[in-house]
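The structure appears below as structure tokens.
Nothing in this text is a laboratory measurement; each read-out follows from the coordinates by a stated rule. The model shown is predicted, which means the values in this text are computed figures rather than measured ones. As a convention, Cβ positions derive from the backbone with ideal geometry for all residues, glycine included, and neighbour counts pool all protein chains shown.
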Amino acid sequence: MDNGTYQHYLIGLLAIGNNVSSLGAYLAQTHGMARRRIWHVILLTTLVCFVFLVVFMLFGTAVLNFFGISISSFEIAGGLLLGGVGMEMMGAANPGPAAHKSVDMPEPDDFHTALSNAVVPIGIPLTVGAGTASAVVLFANAAARNGSSASLLAAILTLVLINAAVFRFANTVMRRVGPLALTIFTKIMGLFTLSIGVEFVVHGVSTIYIGLLHK
């Protein structure tokens, strides 16, 4: 859990925070929209996701301390949450017009509505949600111990840039790759997410157990 390399953080965040599950909502929202406005939606979604994750990176541990929640307890809770997310991803159906996650998307009647939907639900929670935020808090705690906070920040930035590129070429990806390939990718990422969740639970339980032995 204390592996503080850029690659370690990036792989974990990509498994949890990729935007495959939000492609359906994004395509429905930007259908028929001018390219310049599509860029505005992508930029806003990217900015919101980056700020959201950085806030949890910087202040997540402080919030836990304020409520008297130990990191070990949060590791267990976060691991269970990630395990549920991973199971949901592995049970995902084909990403057709609707996204993997069920969200009611209002019709894009104007540009301001499109920008609002770029924040919620496309940015939060379809691209980055509670599972991604929990992982960032736990990664940030490990990064504070081993001095790899810069690597974590770089991984977060890389994640949102990759997601922005996927949004930019979403139509091409859906046309060239197809729904079946995206479903397979989602299931594989779900397995990684489930594994990360199990790792968090095991580390949290072992830390609490070792602490009890030394009392």
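Round to the nearest 10 and give me the degree value, 0 to 90, for the angle of helix 130-146's Cα axis relative to the longest principal axis of the chain.
On a 0 to 90 degree scale, this one is about 40.
Give me the angle, in degrees from 0 to 90, between the Cα long axis of helix 6-17 and the longest principal axis of the Cα atoms of the chain, rounded to the nearest 10.
Once rounded, one gets 60 degrees.
Test of understanding: ordering Ile76, Ile156 by Cβ neighbours within 10 Å, fewest first, what list do you get? Each step should come with its number before you reach the end.
Values: Ile76 20, Ile156 26.
Ranking Ile76, Ile156 by Cβ neighbours within 10 Å, fewest first, gives Ile76, Ile156.
Ranked by Cβ crowding within 10 angstrom, fewest neighbours first, how are Met57, Met87, Met174 ordered?
Going from least to most buried by this count: Met87, Met174, Met57.
Extending each Cα 7 Å along its Cβ direction at Ala181 and Trp39, get the distance between those two points in nm, one decimal.
Inter-label distance under the simple model: 2.7 nm.
Please state the charge dipole magnitude for the chain, taken about the Cα centre, from unit charges on C-beta atoms (+1 on K and R, -1 on D and E), reported in debye and rounded to the nearest 20.
460
Helix-only estimate, please: 222 nm mean residue ellipticity of the chain, summing -39500 (n - 2.57) across DSSP H runs of length 4 or more and dividing by its residues, to the nearest 500. List each step's numbers first, then the result.
Values: 9 runs with 158 residues, N = 215.
Using -39500 (n - 2.57) per qualifying helix, the result is -25000 deg cm²/dmol.
Between Thr158, Thr193, Thr46, find the one with the highest GNM mean-square fluctuation for the chain; connect C-alpha pairs within less than 10 Å.
Most flexible of the set in this elastic network: Thr158.
Among His8, His40, which comes first, second and so on when ranked by fewest other beta-carbon atoms within 10 Å?
His40, His8
Angle, helix 179-213 long axis vs. longest principal axis of the chain, Cα atoms, 0 to 90°, nearest 10?
It is inclined by approximately 20 degrees.
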